[in-house]
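In what follows, a single structure is set out as structure tokens and then discussed.
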Amino acid sequence: MMILQLSPNLIQTVARLALLFWLCLLNSNLFAQDYSQTTRPWTYWWWMGSAVNEGEITRQLEQMAKVGLGGVHVIPIYGVKGYEKQFIPFLSERWLEVFAHTLREAKRLDMGVDLTLGTGWPYGGPNVSSDMAAMQWRWQDGQIAVQGTKQQVKRAAPGGEGLVLDPFDHLKIQQYLAHFDSTLAKMAIKPRAIYNDSYEVYGANWTERFPEHFSRKHGYSFAERLASFQEKGPVPAAQQVRRDYHQTLAELLRDEFTAPLAAWARQNGYLLRNQAHGSPGNLIDLYTLADIPETESFGSSRFSIPGLRVDENYEPERFGTPSPLAMKFASSAAHLMGKPLVSAETSTWLADHFKVSLAQIKPQIDELFTAGVNHIFYHGTTYSPQEAGWPGWLFYASTNYGESSHFWPYLSLLNEYISDCQELLQNSRPDNDLLVYFPIHNLWKNPSPSAGGVHLLEVHHVDRWLLPMPFGRLCDSLQKDGYTFDYVSDSLLNLLKVDAQKGIVAPGGGQYRAILLPPASVFPAKTLERLRDLEKQGVKVVHEANLAQLHTPNLRREAWAAKGLSFIRKKSGDVMSGQKSIYFIANLGREFQADWVQLAEKGVVYRYDPLNQERILLEKTTQGIWLNLPPGQSCFLEIRPETVKTQLPLKAPASPVQPKTFELKNPWSFAFLAGKPSIQGTFAMSQVQSWHTLSDSAAYFWGQGRYTCRFDLPTDWKVQKPSYLQLNQVSDVANIRLNGRELGTLWCLPFEQKIPIGLLKKRGNVLEVQVTNASANYLRLRDTQAPRWKNFYDINIVDIRYRPLDASKWPVMPAGLIGPVKISQ
């Protein structure tokens, strides 16, 4: 095979022009809608070495605002080699100056700013002395031996290196926060929120005052029961000590770390955005203390959507897969406490660098929406100066949402979709019937395989703790059967009230109809007492053994969920303005195409499609509504009272219609357009195919190519009836032009474009499909001839298996359009 040889000067020129190339493409895809700061998606913004300056901060924020981002989350991390003289130590006078500039410019652009309260993660740094650092105990010669974990802050920025903070002692967190009192808290403009990342304090299982807390809580000395704690079998005495030990750690993390952090944030005018997962605490209780509880979507969910690209190198056995059941810990806390926002770290390691498509991102976001998330944070964007060229500065963990990303010219389309969805999701209330009790003591009673003998409730590997629990299996079954629910903890049971008309009322005002108890061998005595008290007040408490009690008119079941659809049901409005029910429904599988659906909520049904912002009235029959929702698609259904009159020009049929379809089998022509390396000429194709097969050079091409086909309609085709163009596989984004008219951009599954009535002709139609591909193929060439862009400190940059990134060994990715191409009506 011929390998292209690029001169050093050409490589440098191409790198510097790459960002300009993509910015030019962006002009036709600018964010048009006027959404609020919070309804727009936000992004993590990594400052490498904090080697930032005012001019670049302004330029990059302006670019992010143009594509529809609502805010940034600043995280200082390790730096870039060769830029050491530009590193700015964290919280130095100069660092505070550039951060103040960031806040001013963000405010000017109607963007928000959040800040990690430290560098990298977890909390720690140069101000954490050894006596403030995380601690662990181990069994030695029949007694407790205590030592520091010696863990250092991960991915720390200059000025942020040091030991990790003990998360179980309020005196230490207050001492840690005092450093910010004299720096950050004095700024004229404040960030919206401070942030605490997921718990990654490895091996920490002790603090100096642990024995005192333990004995005061449980009435005996932990040291006296060490022998029982070490036993492995189902011995009651051992189970009791393990439960008491974990409960003490959980309450220390809640009362000695999270609560003081939340209080400090509010005293200083910040919100607290907190990831509780990964910790030994009861996640629901920890999330209730945050103003914005945040979950995480790490890796690929392995959806069975036909045509969805999945990175074959991702190892779910090693890294896990996202789970809506794990995400619901954050949303349940928000729903119970009346918190309006639930955020999510989104699309971390969805696929390898330079390979992620917008079509892969959308289903992950739809899954988050159905789990109760309504505030998306991309993971993420790296501060990268223009002088760095392409690919610029990159964080080690994908996905790249910055200007050097191949999907940057089309990011505004995803942002608009998210903003439209979040506007509805943020301005509505949860409408779930069930509270499912989370029996954490049944987890705590068992020995833990984790370091330090502590159960860590992580989101990456729910298969190791959540899914095997009877609680997890029950919730999975409820979800598939169409029941709506939130989780409730032992402590939150005590905050519930009972109203004769409203039923169970949560502290935030949410209303529920029953409490469901999963199979559990252990219930705290106070929990059993509280459940009996609630039953006396008229609350329906359903035991798992009596699930038949769920089949009552009072408990609504969306039976159509069993067909493979995911959803969340909410309410908006009030008695004065009129209430309506809202469903967000996503088809994240391959089972459902179109079918009759009977909604539990009754009334006039409207369908709203956030992709095209089209709202139509759905006719009803005794069978319900006819829902056409192919795999990968999503929509809102709004149910309003029958008395509400709304004039809408479009009306969907109340019965299924068998589509008529024909395939474009005529010859195609193909031409490479803007991109690199430059390729000239036009290619003939008997059928549409990936352009990487056309020549040796084409296997490295990144940019745009145009497919053209001339065709006639079948003789019986009705040109005055709506038609739809259907593309089988697009790698990655397609702009559609038919008979000289621009129709739109297809960036997510299913790749289908509505054709306006009257545009098709009986004879002589010309279809042009202009496709932009991923940059992975070009990086194969770049890494063969100029790999020195990978010059970052710390972990540098790795692939999805955490090996040094070397794209020169990657196989070629399909690029462009892969048939068949069809038109239906």
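The values are calculated or read from the model by the stated rules, or taken from the named source; none is laboratory data. These numbers come from a predicted model, not from an experiment. Cβ sites come from the backbone with ideal geometry, for glycine too, and all protein chains shown count toward neighbours. We work out accessible area using only protein heavy atoms, side chains counted, and drop any ligands, DNA or RNA first. Shrake-Rupley method; radii C 1.70, N 1.55, O 1.52, S 1.80 Å.
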The stretch 98-117 versus the stretch 386-411: alpha-carbon centroid distance in Å: 21 Å
Fully extended, how many nm does the chain gain between V498 and L467 (0.36 nm per residue separation, minus their Cα-Cα distance)? 8.0 nm
Specify the longest stretch of the chain that does not include any exposed loop site, a site being one of the trypsin sites (Lys or Arg not before Pro) with a non-H, G, I, E, B DSSP assignment and at most 10 other Cβ atoms within 10 Å. 233-644
Nothing charged except the Cβ atoms of Lys and Arg (+1) and of Asp and Glu (-1): what's the magnitude of the dipole of the stretch 127-285 about its Cα centre? Round to the nearest 20 debye. 460 debye
What's the FRET efficiency of Y724 with Q86 using the Cβ-Cβ distance as r and R₀ = 56 Å, to the nearest 0.05? 0.60
Order of exposure, largest accessible area first, which applies to W717, W121 with probe 1.4 Å: W121, W717
Cut-off under 5 Å, modelled amide H: who pairs with H375 long-range: V342, A344
Leaving ligands, DNA and RNA out of it, work out the accessible area of H218 with a 1.4 Å probe and give it in Å² to the nearest 10. 40 Å²
May I ask which residue of P722, W408, L534 lies farthest towards the positive end of the charge dipole of the chain, with charges of +1 (Lys, Arg) and -1 (Asp, Glu) on Cβ and the Cα centre as origin? P722
Dipole in debye (nearest 20) - the stretch 696-807, about Cα centre, beta carbon charges: Lys, Arg +1; Asp, Glu -1: 440 debye
Read phi for every residue in the stretch 251-256 and hand back ³J(HN,Hα) as whole Hz from Karplus 6.51 cos²θ - 1.76 cosθ + 1.60, θ = phi - 60°, with x for Gly and Pro. 6, 5, 5, 6, 8, 9
Using the alpha carbon gyration tensor of the stretch 536-580, what are the three equivalent-ellipsoid semi-axes (square root of 5 times each eigenvalue), largest first, in whole Å? 26, 20, 8
Return the whole-Å distance between the Cα centroid of the stretch 695-723 and the Cα centroid of the stretch 290-364. 34 Å
What is the distance in Å between the Cα centres of the stretch 455-478 and the stretch 220-241? 25 Å
Positive dipole terminus of the chain, leading residue within Q364, M135, L517 (C-beta point charges): Q364
Note, the stretch 765-780: 3J(HN,Hα) by Karplus (6.51, -1.76, 1.60, θ = phi - 60°), whole Hz, Gly/Pro = x, goes 6, 10, 9, 10, 10, 9, 10, 10, 9, 6, 8, 4, 5, 5, 5, 4
May I ask you to evaluate 6.51 cos²θ - 1.76 cosθ + 1.60, the Karplus curve with θ = phi - 60°, for each residue of the stretch 538-543 and list the ³J(HN,Hα) values in order in whole Hz, giving x for glycine and proline? x, 6, 7, 10, 9, 8
Calculated log₁₀ intensity ratio I(q)/I(0) where the Debye formula runs over C-alpha points of the stretch 100-236, q = 0.10 Å⁻¹: -0.47
Whole-percent pair-distance distribution, where bins are 5 Å wide, for the alpha carbons of the stretch 506-629: 2, 7, 13, 18, 16, 13, 12, 9, 6, 3, 1
Roughly how many nanometres apart are two label points built 7 Å out from the Cα toward the Cβ at Y220 and E663? 7.4 nm
Long-range amide H contacts for I800: which residues qualify at under 5 Å (H placed 1.01 Å from N, peptide plane, sequence gap of 5 or more or a different chain)? H353
Name the lysines eligible as straight-distance cross-link partners of K107: C-alpha to C-alpha under 23 Å, and not fewer than 8 places from it in the same chain. K66, K186, K190
Given the pairs K362/K754; K362/K570; K480/K540; K362/K762; K339/K620, which span a C-alpha to C-alpha distance of over 28 angstrom in this model? K362/K762; K339/K620
Going toward the positive end of the dipole of the stretch 39-194, with +1 on Lys and Arg Cβ and -1 on Asp and Glu Cβ, which of A106, M48, I189 do you reach last? A106
Pairs of alpha-carbon atoms within less than 8 angstrom and 6+ residues apart define the contacts here; what relative contact order does the stretch 527-604 have, in percent? 25 percent
For the stretch 253-343, state the semi-axes of the equivalent ellipsoid (square roots of 5 times the eigenvalues of the alpha-carbon gyration tensor), sorted largest first and rounded to whole angstrom. 31, 14, 11
Label model pair A559, D34: point-to-point distance (7 angstrom along the Cα→beta-carbon line) in nm is 4.6 nm
Distance between modelled label sites at S182 and V505, nm, 7 Å Cα→Cβ extension: 4.9 nm
Beta bridges by DSSP in the chain, antiparallel share as percent, to the nearest 5: 70 percent
For the chain, with every protein chain kept in place, what is the accessible area per residue (1.4 Å probe, Å²)? 38 Å²
Using a Förster distance of 22 Å, the FRET efficiency for Q613-K761 (Cβ separation, nearest 0.05): 0.20
Rotationally averaged projected area of the stretch 152-298 (alpha carbon convex hull; nm²): 10.7 nm²
Expected output is a single nm value to one decimal: the length gained when fully extending between N268 and R108, i.e. 0.36 nm times separation in residues minus the C-alpha distance. What is it? 55.4 nm
Taking a 1.4 Å probe, which of M327, M813 shows the most accessible area, and what order do the others take after it? M813, M327
Under 16 Å Cα-Cα from K232, which lysines qualify once same-chain neighbours fewer than 8 residues away are excluded? K445
With a cut-off of at most 14 other beta carbons within 10 Å, and DSSP calling the residue loop, which chymotrypsin sites (Phe, Trp or Tyr not before Pro) in the stretch 197-292 qualify? Please list them. Y220
Alpha-carbon spread of the stretch 408-497, three principal axes, descending order, Å: 50, 39, 27
Cα-based Debye curve of the chain sampled at q = 0.09, 0.10 Å⁻¹ gives log₁₀ I(q)/I(0) of -0.94, -1.14
